[in-house]
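Scroll down for the structure; my scribbles are underneath it.
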Amino acid sequence: MRHSVIHSNSPLIKILFSAVSLALSLLVFFEVAFAQALGTRKLPANLPTSEEEPPSLTKLAPSEAARGNDLYCAGFINANPSPNRFQIVGAEEENTRPHLAQGDVVYLNAGRSQGVEPNMLFSIVRPLGYFRTPFKGGAEKRLLGLYTQELGLLRVIAVQETTATARIIFSCSDIQLGDLLRAFEERRAPATDISQPLPRYAPPSGKKQGRIVLERNQKEMISPRDIVYIDLGAESGVRVGDRFTIFRRYPDDAKSVRFNDDNVIIRQSRDFQSDTFKGGPFSNDHPYEERQKVKNNRPPIPRKVVGELVVISVQGRSATAVVTRTTQEVHPGDWVELQ
């Protein structure tokens with residue numbers, strides 16, 4: 001029986017070897033080209049980095065969105081303020097204590113003839129002036145209402161014909177002669193669920209959008225548990241318990257930080273260099289394309305989610321809310337969107 005032997009220098013072997021080599025070369029080429037075009041999905045083992053999950057978000061809010069001081073001393077911006085006729089006009093220790101607090105006895109300018117009765121509760125308020133938002137156009141749209149602080153709570157303990165005696169039973173700020181009274185209204189704090197992570201990269205809900213216009217203490221850096229006011233209220237259908245996502249339409253939307261010098265020097269300094277060893281003609285800091293040019297030519301990028309808030313009281317054109325959690329500092333002017 002005769003066996004056929006194909007020698008290594010056979011034309012058939014050479015053709016097969018060339019075909020296999022060409023196929024492997026094309027495979028490597030297309031793999032490299034594809035990786036350069038779209039990027040690979042797996043990090044090489046020798047790259048000293050990892051893709052661990054980012055640290056968990058700040059979770060400082062309790063199961064109730066607000067309590068005590070935050071709930072009854074949150075303040076509000078009232079679009080249709082009613083006239084306040086009841087006022088603190090005196091105090092038991094007014095000659096030695098200009099500032100009043102919990103436990104102090106005060107005198108009111110209203111009594112039996114004005115319908116005041118023992119054990120009545122009143123909220124202590126201090127209107128500070130009308131607030132106009134800088135984020136809306138037109139005088140009518142800009143005016144949100146009368147910004148009013150809430151300072152505490154008092155109970156009437158004795159009634160005279162035209163005056164009444166009361167005791168401050170709760171205070172969250174200093175109280176003074178001249179502060180006004182409002183009928184006390186019980187508030188229920190909405191529950192807030194922070195067991196699930198904040199959807200930082202979820203698409204917009206497409207619902208109502210507004211702005212944070214003011215923080216209770218007029219701070220510029222807002223954190224969890226801070227009280228803020230938004231320019232959406234009952235006229236926009238906002239209700240107590242509504243949750244809003246705090247976001248920026250692009251990373252530097254709030255313009256809280258600005259780079260004064262975005263242009264990077266293209267070439268290194270020519271001073272104090274060696275005549276022989278001049279180094280290379282390249283700058284390590286020079287970008288391929290100028291920063292602002294890239295930003296001007298880029299397509300719309302996703303919004304940046306920076307936190308969440310819950311509404312605790314609603315007025316006509318505004319609402320009072322508590323910030324429940326944040327991914328970084330929040331600022332007046334940041335956008336909010338109903339979840």
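The values are calculated or read from the model by the stated rules, or taken from the named source; none is laboratory data. Keep in mind it's a predicted model, so treat the numbers as computed, not measured. Cβ atoms come from the backbone with ideal geometry, glycine included; neighbour counts cover every protein chain shown. Ligands, DNA and RNA are stripped out before the accessible areas are found, and what is left, the full protein with its side chains, is counted by its heavy atoms. Shrake-Rupley method; radii C 1.70, N 1.55, O 1.52, S 1.80 Å.
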Carbon/sulfur fraction of accessible area - the stretch 155-196, other protein chains in place, 1.4 Å, %: 46 percent
Accessible-area order (highest first, 1.4 angstrom probe) of the listed residues Leu180, Leu128: Leu128, Leu180
Too-long pairs where the Cα-Cα distance tops 19 Å, listed order kept, from Lys141/Lys304; Lys141/Lys208; Lys208/Lys304; Lys207/Lys304: Lys141/Lys304
Normalised contact order of the stretch 75-228, rounded percent, pairs of Cα under 8 Å and 6 or more residues apart: 28 percent
Per residue accessible area of the stretch 137-229, 1.4 Å probe, in Å²: 54 Å²
Heavy-atom accessible area order for Phe247, Phe135, largest first, 1.4 Å probe: Phe135, Phe247
Charge dipole magnitude, Cβ of K and R +1, D and E -1 - the stretch 63-196, Cα centre, debye nearest 20: 520 debye
